[in-house]
Amino acid sequence: MNIDPSYLPIVDLLGKAVAVLLLAFGLQKVWQRWSAAQRSLLWLAVFAVLAVLPISLLVQPCWELKVSQAAAPAVPLAGQAVSSVADAEVVPLASHSPALSWWQTVTPMGWAIGIWALGASSVLGFRILGGWQLRRLRRASSPSINKRLHHHLEWLAEELKVRRAIDVRESTDTSVPLTWGWLKPVLLLPAEATTWEDEKLDSALRHELGHIRHHDACTRWLATVVCAVWWPVPLVWMAVKAWKLEQEKACDDLVLRAGATAQDYAMQLLHAARSFSPAAQAAMAMARPCTLETRLRAVMDEQRNRRPMNTRAWALSGSTALLLSSLCVLTQLRASEATESAGAKAGKIILKSVVFRNATPEEAFEFLRVKSRQLDPAKTGLNIVVTGKIPDAKITLDLKEVPLNEALLYCAQLSNLEVSYTADAALLQPPGSKPGVLPEGSAVVTHAKQIILPRVEFATATVQEVIEFLQVKARNLDPKHEGINIINKSDANSPARITLSLINVPVFEVLNYTAELAGLKIEAGEHALILSPKAAAVAASVAPKPSSTEAAQIAAVTKLMEQKNLHLKSCDFKNGRLILVGEATSKTRALALCEELKRDPALAGFQWTFPAPEVKPYGFASFRAEGAPPVK
């Protein structure tokens with residue numbers, strides 16, 4: 001499947017919630033002969049399952065679904081060599097790119113969570129507002145001191161086995177009996193209730209005591225919490241409405257079982273619904289207009305089952321809740337990524353910091369092996385295999401938040417090796433294989449254009465000082481604090497000095513201006529920007545045109561440098577001597593060039609002067625060779 005694995009738990013939970021609710025509605029249809037009290041217990045079991053359903057994510061799943069990311073991997077395919085960072089295409093100077101607004105950086109998952117949280121807080125806020133209205137209604141009421149009313153209430157509470165203390169109050173702000181509260185129930189009666197006939201008063205009190213006996217105030221808080229969690233699912237709201245209706249019917253059945261006349265009780269409900277006040281919306285009122293028709297049909301149905309909650313119903317509801325919860329856990333679906341190739345694994349392991357100071361290739365590769373095992377969730381790490389003799393080189397790097405495959409690529413480049421990936425290993429081998437192609441575009445360039453520096457002031461600063469400043473500022477201004485990786489391959493002793501004064505400029509623009517002032521070029525890797533020297537002209541424009549023999553000798557040197565993968569900065573005859581200046585990836589390779597020059601047939605008889613190469617940052621070595629042609 002081509003799906004983001006992070007969405008799979010959400011899809012799994014929504015699917016289970018819908019399945020549980022559909023099953024509950026189906027059981028309600030099948031068990032139509034159940035009493036309202038028994039159906040209310042079934043809904044209690046269903047809502048208990050919905051409340052604990054998100055906790056099932058903490059349990060190890062029994063089933064796994066293999067998924068793959070929609071985006072193409074940023075690592076080479078197995079067997080394909082990685083291209084040299086130094087061979088990356090030069091990025092042209094781009095126009096100013098404004099930074100993204102905060103809402104543009106939010107992921108789709110972030111938007112979904114934000115919208116869900118807004119809906120959940122609205123549901124809970126509405127319920128809390130209703131509770132505040134009820135408290136205000138209670139403060140405006142007065143405790144009931146009517147002895148006849150208390151006598152009826154005590155007698156009915158004893159009959160229904162309601163042991164909790166009830167706060168009985170009277171109010172002129174309501175015309176229907178109301179009850180709310182769980183630990184300390186409140187029973188609010190209209191002021192004229194003391195004048196009602198005994199039968200009407202007993203029916204009203206019995207109905208409200210039925211809510212207290214069934215703990216409906218507590219279960220309705222459970223319904224509110226479930227609605228807050230599952231508010232995007234319409235079936236949840238339908239289930240809450242059905243559950244509240246069954247609770248009201250169960251209390252109506254309690255009244256009718258006590259001997260109340262169905263016709264008289266129906267008229268009492270009709271009168272209560274007509275005088276219903278919106279202020280009682282958050283409480284359990286004796287009658288609401290929205291449910292009146294259904295309740296009246298149930299009251300007048302003489303064949304209706306009116307049995308109360310019993311041990312069998314409680315046991316069946318508890319078993320249903322336990323069975324549904326177990327099924328939800330056992331059928332839990334979780335994303336499981338297929339076995340990854342070595343290249344894919346190397347692209348996902350992120351190294352927080354890679355710092356080498358004149359490290360050997362063996363030390364660098366062993367460091368990467370150890371770090372890959374530490375950061376790999378499976379603790380298997382990346383198998384790094386070096387074929388052939390490891391070159392004599394020194395590696396100096398300072399990278400932050402870089403993928404393992406990119407760090408390995410830089411280390412291989414500085415060791416004059418090429419990287420290729422098989423299904424289970426990263427192979428390092430001498431150059432010669434066909435280079436790969438970097439993906440189109442560069443995320444690091446886009447990132448460098450998005451980070452805006454408020455002000456930049458340089459006065460005769462070195463290139464390295466500029467780079468260090470940009471790296472520190474990029475990390476500070478980057479919302480993710482990743483910053484920009486910048487590698488300097490230029491001469492550390494370059495006399496170039498940078499003087500700039502810029503305002504509200506992207507990091508990439510500053511680096512581009514720096515490169516132009518220092519005579520450097522910018523190359524873009526996938527996770528780093530590289531400053532390197534521009535290729536110098538083979539011969540100065542003011543120099544005299546070389547003879548055919550000298551041209552052949554210059555061509556021989558150029559060809560030799562290309563074969564040995566060395567960087568030639570200049571090659572020309574000056575004062576009768578052939579002078580070449582270049583750069584090698586290591587001091588050893590620079591020294592080996594001297595022997596190659598002596599053995600080249602086109603340069604036979606030359607006497608070479610080859611001073612010791614100067615080792616530069618990142619292990620590179622600059623060299624200068626002077627050759628005196630044979631005397632004719």
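The values are calculated or read from the model by the stated rules, or taken from the named source; none is laboratory data. Predicted model only: the values in this text are computed from it and were never measured. Note that we place each Cβ from the backbone using ideal geometry, even for glycine, and neighbour counts take in every protein chain shown.
Determine whether the range 187-206 contains at least one residue that is in contact (Cβ under 8 Å) with a residue 60 or more places away in the chain and surrounded by fewer than 20 Cβ atoms within 10 Å (Cβ to Cβ).
Looking only at the range 187-206, we keep the residues that are in contact (Cβ under 8 Å) with a residue 60 or more places away in the chain, and these are 188, 199-200, 203-204.
Adding the requirement that they be surrounded by fewer than 20 Cβ atoms within 10 Å (Cβ to Cβ) leaves 199-200.
So far as the range 187-206 goes, yes, one or more of its residues are in contact (Cβ under 8 Å) with a residue 60 or more places away in the chain and surrounded by fewer than 20 Cβ atoms within 10 Å (Cβ to Cβ).
On the basis of being surrounded by fewer than 18 Cβ atoms within 10 Å (Cβ to Cβ), in a helix (DSSP H, G or I) and either modelled with pLDDT of 75 or more or in contact with a Lys or Arg (Cβ under 7 Å, 6 or more places away or on another chain) (or both), does Ala515 make the cut? Walk me through it before giving the result.
Numbers: surrounded by fewer than 18 Cβ atoms within 10 Å (Cβ to Cβ): no; in a helix (DSSP H, G or I): yes; either modelled with pLDDT of 75 or more or in contact with a Lys or Arg (Cβ under 7 Å, 6 or more places away or on another chain) (or both): yes.
So Ala515 fails the test.
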For Lys394, are the conditions met, namely being touching a residue at least 60 places away in the same chain (Cβ under 8 Å) and crowded, with 20+ Cβ neighbours inside 10 Å?
-> yes
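Sort through Asn485, Asn504 and tell me the only one that's more than 26 Å from the chain's Cα centre (by Cα) and touching a residue at least 40 places away in the same chain (Cβ under 8 Å). Before you say what the answer is, go through the steps one by one.
Working: Asn485 fails: more than 26 Å from the chain's Cα centre (by Cα).
After ruling out the rest, the residue left standing is Asn504.
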Failed condition for Cys290, given (1) loosely packed, with under 14 Cβ neighbours inside 10 Å; (2) modelled with pLDDT of 70 or more, with all others met?
-> (2)
Taking the condition touching a strand residue (DSSP E or B) at 6+ places or on another chain (Cβ under 9 Å) and farther than 17 Å from Ala217 by Cβ, does Ile145 pass?
-> yes
If a residue has to be at pLDDT below 90, part of a loop (DSSP other than H, G, I, E, B) and over 15 Å from Asp252 (Cα atoms) to count, how many in the range 177-196 make the cut?
-> 5
Meets criteria (part of a loop (DSSP other than H, G, I, E, B) and buried (at least 23 other Cβ atoms within 10 Å of the Cβ)) for Val226 = no
Being modelled with pLDDT under 75 and among the charged types (D, E, K, R) is the filter; apply it to the range 325-378 and report the residue that is farthest from Phe47 (Cα to Cα).
-> Glu340
